[in-house]
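Enquirer: Right, I'll just put the structure down here and ask away after.
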Amino acid sequence: MGYTQGHSIYAALGQTGVQKFLHNVYSARPHYFNYASAGLGGGSVDIGLLPALPIPGSSSGIDFSLQFTEPVLSFFPAPTFPKLGPPVKDQFGLAITATICLVTGMQSLSPRVRDLYRRSKRALDTPTLQCADIKVLAVGGLTTQDSGTDKLIGLWAQAVDVSGTGNLDPLIAFILHQALNSLLAKLQFSVNNIAQGAFAIRLEDGPNIDGQQLEIWAGII
Amino acid sequence: MSDATIAISEAGMTTLLQRAIDGPLAAHGSGAWGPFIADYDVSLRISGGIVQFPDPSLPPGPVVRLSEVVVQGTVVGSIGLDLARVLPQLCIPPFQVCVPIDFWGDQVCTPQYCVTWPTISIQIPVIVPPIGVSLDFAILPPYQDGDVWRVDLGAYPFSLNFDLTPSINAILDKAKQVVHDILGQIPLIGDLIDGLVDTVINGLKAVINTILGAIHDFIEALIRLVDVFSPTIHFHAFKLSANQKILPAGGPGDREVDLIIAALAAQVTTDKELLLTTDFA
Amino acid sequence: MDFLNSQQLTALDGYFHKFLADGDYRWGIGAVGTYTIHVKPKDPVHIPQQLTITLTYDRSGAYQPDQPQVEIYQNDWILWHAPNAAFSVPPYSILGSGSANFNSRALGVGDMFSHIFVQNGTYRYMVGGGTGGPQNGSIQVDPAPVPPPHAAKNVNVIDAAPPKPDPVQIVSGDTIVWVINKGSSFVINSAQ
């Protein structure tokens, strides 16, 4: 029976192939992975806009940015993550680092230098950034969604573990879980993509994750 | 591990190849052989076919085997025959009869009547019996052709063996009938008909064999022109876009996301599958 | 039954004319034409003999002789026949002029008309012309044995008298030659 298991077609994307896809998305659509408030450049083509963090009891806000690294994906069977356990069949593991930077103040200059530049209109305030890296691990599964005659396959994080933020870990984990899923939701691809256009297919079984592959079985339309 | 894998079962491959060959073939030809002129219209249907992936570790190695393809059809032909070129000059009497007639002379030779052989035309249907065709195809190394990667199959050289000779008797019977009827209309031929028909038919037999041989070669050449069967024309089994568009371009900031195929390999496995493995750039 | 008419010659027929007078003659098909016959004075060494002119019907719709110009001796005779003419082509007649005229449509002494009988049956025929009014004759054509004998028999046409011999019995494939012994302007055709 081999791969096809009684179906006409078996098609699979290997972990390495999906990783290449993620790499290409990371290069082509930076705004999926980079967000900032306006003061830090948010709202441009490649940086998603976030509102500034409000300071309770004041009317000013704190500019901040949130940046994700390129996610590293591992399909079942994959090494285990502490606390989350290993991905089981039809699951994947994902490791990503989120970097949050806050603008904590303007850089200090000596009064004498300030007076010298007073007559100039040139902006001389550069922000001071305070950043923190948060390692995010997630374990998730696949979603399918009908799209006309086609089916879209997506990744969905089921459990997220965050480390390095102490007591805030569960809170940060919750926020980043939502952020991660909203990112993954933009990365759906069609079943026909898996067949690479060689022929038109109709999904009959899967998608599964096994042997480090995302697998489907199909008939030829 | 490859970045992507596609495996096709024998059943899947059968579906694809059956679609490729389904459909009629038609052609027209004519020729002259000795005293005969023949015209023929060929209409063939090619259908069926079952794909097998024999064990690649056994002879003849990794091939895609297509068997039980059925080719059948009809050739509607007509043979025109100028009997004068086949039959001997027949005169009655066969030589001038000479008699003495008073006052005229000793040798008054009476005239002869010589038969004018007509041209006959025989309409013949030649039934091309269902021909079973079995072929092995080699999987040629996948290659990039412009913006696609192609997986081609090449047919091993083959010859089609099919026998049109059962048609000969049908044709000869028809010819005999026509020749008999035409000759029967010529006065005084009555007693000679059978012998004359035999003469015509014997001449016809050799030519019919030549005509059927030509029709056979013609049909074989016609079938070879179908991509799937031709040893010289590669059958394009699959094509994959070299540039796989996964996410189409959206607004500004949403550039197209592609995967570019850098390498493609194809092989037959011992699990009776055709395996295509892809690596992306 | 065969078509039998000396005024309308077919592939089964023959027209004979004996040239009793020397000189130059012209002849044609249907009308006197440009074909020539040069008849030399009789030669004691020369035994009177037959010359056969074969007519072929060509695609342009005319009969063509194989010898448009001939030379013979006095007392020789010529046979005209069209052995290959299909029965679908029009019949012909031979007319000539010279030291004496001849016309296959009006047979006289020096003329003979022959017919190869193909179809079996009893042929009642009439000899018209001459001075005595039409004369009747009968030919019985029986099926030919195998092999056929290919015989030819004479029937004499005599003015104001029945043809002789009569009746005549032949088999299919045999020829009857009507010889004009006496009289002129004869026509032989079937009485049916």
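Enquirer: Compute the angle between helix B:10-21 and the longest alpha-carbon principal axis of chain B, please, reported from 0 to 90 degrees and rounded to the nearest 10.
Expert: 50 degrees
Enquirer: Tell me, what are the semi-axes, in whole angstrom and largest first, of the equivalent ellipsoid of segment B:184-281 as set by the roots of 5 times the Cα gyration tensor eigenvalues?
Expert: Values: eigenvalues 920, 65, 16 Å².
Working through the eigenvalues yields semi-axes of 68, 18, 9 Å.
Enquirer: Here is a further query. Within 10 Å of each Cβ of A:189-197, how many other protein chain Cβ atoms are there on average? Kindly include the intermediate steps, with their values, before the conclusion.
Expert: Working: counts 6, 2, 0, 0, 6, 4, 5, 14, 8.
Per residue, the number of nearby Cβ atoms from other chains is 5 on average.
Enquirer: Using only Cα atoms, locate the centre of segment B:103-145 and the centre of segment B:216-261, then give the distance between them in Å, rounded to an integer.
Expert: Using only Cα atoms to place each centre, the spacing works out to 44 Å.
Enquirer: Continuing with this model, one more query. If I take the Cα coordinates of chain C and project them onto the principal axes, what are the three extents in Å, biggest first?
Expert: Largest to smallest, the principal-axis extents are 42, 40, 32 Å.
Enquirer: Can you give the extra length, in nm with one decimal, that the chain gains between B:Lys245 and B:Asn169 once fully stretched, where that is 0.36 nm per residue apart less the Cα-Cα distance? Walk me through the numbers before you get to the answer.
Expert: On the way: separation 76, 0.36 × 76 = 27.36 nm, distance 6.19 nm.
Going from the current span to full extension adds 21.2 nm.
Enquirer: Using only helices, what value at 222 nm comes out for chain A when you add -39,500 (n - 2.57) per DSSP H run of length 4 or more and divide by the total residues, to the nearest 500 deg cm²/dmol? Intermediate values should be presented prior to the final figure.
Expert: On the way: 4 runs with 43 residues, N = 221.
Calculated at 222 nm, the ellipticity per residue is -6000 deg cm²/dmol.
Enquirer: Rule-of-thumb check for chain A: C-alpha Rg over 2.2 N^0.38 Å? Present the calculation step by step, with values, prior to reporting the outcome.
Expert: On the way: Rg = 22.7 Å, N = 221, 2.2 N^0.38 = 17.1 Å.
Output field value: 1.32.
Enquirer: With the crude spin-label approximation of a point 7 Å out along Cα→Cβ, what separation in nm comes out for B:Ile50 versus C:Gln119?
Expert: 6.6 nm
Enquirer: What accessible area, in Å² to the nearest ten, does a 1.4 Å probe give for A:His31?
Expert: My reading of the accessible area for A:His31 is about 40 Å².
Enquirer: Moving on. Quick check: pseudo-label points 7 Å beyond the Cα along Cα→Cβ at A:Gln145 and C:Ala161, how many nm apart are they?
Expert: For A:Gln145 paired with C:Ala161, the spin-label model returns 12.8 nm.
Enquirer: Looking only at Cα atoms, what is the convex hull volume of the protein assembly as shown per residue, in Å³?
Expert: On the way: hull volume 212.7 nm³, N = 694.
Spelled out: Cα convex hull of the protein assembly as shown, divided by residues, is 307 Å³.
Enquirer: As a test of reading the structure, rank A:Leu171, B:Leu276, A:Leu102, A:Leu66 by solvent-accessible area (1.4 Å probe, protein chains only), most first. All intermediate terms of the calculation are to be shown ahead of the outcome.
Expert: Values: A:Leu171 105, B:Leu276 0, A:Leu102 55, A:Leu66 25 Å².
Per-residue accessible area, sorted high to low, gives A:Leu171, A:Leu102, A:Leu66, B:Leu276.
Enquirer: While we're looking at this one, here's another question. Please check which bits of segment C:164-192 a label hung off C:Val109 would reach, taking the label as a point 7 Å along Cα-to-C-beta and the cut-off as backbone N under 12 Å.
Expert: C:180-184
Enquirer: Kindly provide the Kirkwood hydrodynamic radius of chain B in Å, to one decimal, from all pairs of distinct alpha carbon atoms. Please list the in-between numbers first.
Expert: Working: mean 1/r = 0.0415 Å⁻¹.
Mean inverse Cα-Cα distance, inverted, gives 24.1 Å.
Enquirer: Pull up the cross-link candidates among the aspartates and glutamates for C:Lys182, meaning alpha carbon to alpha carbon under 15 Å and not fewer than 8 places away within one chain.
Expert: Answer for C:Lys182, where 15 Å is the Cα cut-off: B:Asp102, C:Asp111, C:Asp159, listed by chain and number.
Enquirer: Find which of C:Ala62, C:His150, C:Tyr125 sits farthest along the positive direction of the dipole of chain C, computed with +1 on the beta-carbon of Lys and Arg, -1 on that of Asp and Glu, about the Cα centre.
Expert: C:Tyr125
Enquirer: Still on this structure, I have one more. Beyond a 32 Å Cα-Cα separation, which of these cross-linked pairs lie in this structure: A:Lys83/B:Lys272; A:Lys20/A:Lys89; A:Lys20/A:Lys151; A:Lys20/B:Lys272?
Expert: Beyond 32 Å between Cα atoms: A:Lys83/B:Lys272.
Enquirer: Give, as ranges by residue number, the residues of segment B:47-68 whose backbone N falls under 16 Å from the point 7 Å along Cα→Cβ of B:Thr270.
Expert: B:53-63
Enquirer: Which percent, nearest 5, of DSSP beta bridges in chain C are antiparallel? Provide the component values of the computation, followed by the final result.
Expert: On the way: 44 of 64 bridges.
In chain C, approximately 70 percent of DSSP beta bridges are antiparallel ones.
Enquirer: Need one number: nm distance between label points at A:Thr69 and A:Ala95, each 7 Å from Cα along Cα→Cβ, rounded to one decimal.
Expert: 0.8 nm
Enquirer: Another one. Could you please state, rounded to a whole Å, how far the C-alpha centre of segment B:263-281 is from the C-alpha centre of segment B:1-68?
Expert: After rounding, the separation between the Cα centres reads 22 Å.
The values are calculated or read from the model by the stated rules, or taken from the named source; none is laboratory data. What you see is a predicted model, and the numbers here were worked out from it, not measured in a lab. Backbone-built Cβ (ideal geometry, glycine too); neighbour counts: all protein chains shown. Just the protein is used for accessible areas: all its heavy atoms, side chains included, with ligands, DNA and RNA removed. Shrake-Rupley method; radii C 1.70, N 1.55, O 1.52, S 1.80 Å.
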